[in-house]
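This structure is in structure tokens; I'll ask about it shortly.
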Amino acid sequence: MRVPFASGPLVLLDDARPMGADARLYQNPIEILTTTEPAAVPDLLAKIGKGGHWAGFLSYEAGLALEPKLAATAKADGQPLLWFARFDGFETIQKDVLDDWLPNPAGAWAGPPRPRWTQQDYAVAFDQVQALIRSGDIYQANLTLRADVPLMGDPLALYAGLRRRAAAGYGAVIWTGADVILSLSPELFFTLKDGKIT
């Protein structure tokens, strides 16, 4: 039942919490919308909202493209700001079957993250965020940084191991045909259902 990445783009949405929902596997896309151009993000999001089974991702940087005051600062850095595919439907994978569906976690290895920022870089960014809060321009910020992680093996095996440890409610594996994205989030970013965004 396992799907090799060579079979084409796919999206696995997973809830690994003890009382979580069954997983959804989307395969064989009918249409793919993607862009690295900030100006294209709003129009593509409007197309996604017009029905069908869509699954994919928005990068955090895509959010900048949706705010007129910040749109000029949005940068893709060569990666898609948005990648969504439309599917005929999805396959449900029951929670108790998903562990058997995923490969053995021993089939992958991840080394320690190497932050792209120095401690000094972080301190400068932290001071900038504090200044913006004090001036009233923002009331909160998620100060994040990129890191490089050495990887070996099957991305699905890596996901299987991370999934067991994180038990995240909003997990995903996205294979775009070029890149594999693994996501394990404890919180919902957004969902679109019946024309309403939560």
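Carbon and sulfur atoms: what percent of the 1.4 Å accessible area of the stretch 101-181 do they account for?
Details: 2880 of 5230 Å².
After summing per-atom areas, the C and S share lands at 55 percent.
Between Asp22 and Trp101, how many nm apart are label points set 7 Å from Cα along the C-beta direction?
0.9 nm
Further question: Can you send over the solvent-accessible area of Trp175, 1.4 Å probe, protein chains only, in Å² to the nearest 10?
Counting only protein heavy atoms, Trp175 exposes about 40 Å² to solvent.
So how far, in whole Å, is the C-alpha centre of the stretch 68-115 from the one of the stretch 147-192?
5 Å
Read phi for every residue in the stretch 109-122 and hand back ³J(HN,Hα) as whole Hz from Karplus 6.51 cos²θ - 1.76 cosθ + 1.60, θ = phi - 60°, with x for Gly and Pro.
Computed from phi, the couplings for the stretch 109-122 are 9, 10, x, x, x, 10, x, 7, 9, 7, 4, 5, 4, 5 Hz.
Along the stretch 94-105, what does the Karplus equation 6.51 cos²θ - 1.76 cosθ + 1.60 (θ = phi - 60°) give for ³J(HN,Hα), rounded to whole Hz, x for Gly and Pro?
4, 3, 6, 9, 4, 4, 6, 5, 6, x, 4, x
On to the next question. Between Val124 and Leu188, what is the label-to-label distance in nm when each label sits 7 Å out along the Cα-to-Cβ direction?
3.9 nm
Please turn the phi angles of the stretch 49-65 into ³J(HN,Hα) values with the Karplus equation 6.51 cos²θ - 1.76 cosθ + 1.60 (θ = phi - 60°), one per residue in order, whole Hz, x for glycine and proline.
After applying 6.51 cos²θ - 1.76 cosθ + 1.60, I find x, 9, x, x, 9, 9, 8, x, 8, 10, 6, 4, 5, 5, x, 4, 5 Hz.
Then there is this: What does the accessible area per residue of the stretch 43-151 come to in Å², with a 1.4 Å probe and no ligands, DNA or RNA counted?
68 Å²
For the stretch 142-189, what is the relative contact order in percent, using Cα pairs closer than 8 Å and at least 6 residues apart in sequence? All intermediate terms of the calculation are to be shown ahead of the outcome.
Values: 38 pairs, mean separation 14.2, N = 48.
Here the relative contact order equals 29 percent.
Report the number of Lys pairs in the chain whose alpha-carbons are under 27 Å apart, with separation of 8 or more residues or on distinct chains.
10
Among Asp127, Asp43, Asp100, which one shows the biggest mean-square fluctuation in a GNM of the chain, springs joining Cα atoms closer than 10 Å?
Per the Cα network of the chain with a 10 Å cutoff, Asp127 tops the list.
Which whole-number percent is the relative contact order of the chain (Cα, under 8 Å, 6+ apart)?
Relative contact order here is 27 percent.
To the nearest 0.05, what FRET efficiency results for Glu37 and Asn142 with a Förster distance of 25 Å applied to their C-beta separation? Don't skip to the answer; put the middle values down first.
Numbers: r = 24 Å, r/R0 = 0.96.
Approximately 0.55, to the nearest 0.05.
The values are calculated or read from the model by the stated rules, or taken from the named source; none is laboratory data. The shown structure was predicted, so the numbers you read here are calculated from the model rather than taken from an experiment. Reconstructed Cβ throughout: ideal geometry from the backbone, glycine too, with neighbour counts over all protein chains shown. All accessible areas refer to the heavy atoms of the entire protein, side chains included, with ligands and DNA or RNA removed. Shrake-Rupley method; radii C 1.70, N 1.55, O 1.52, S 1.80 Å.
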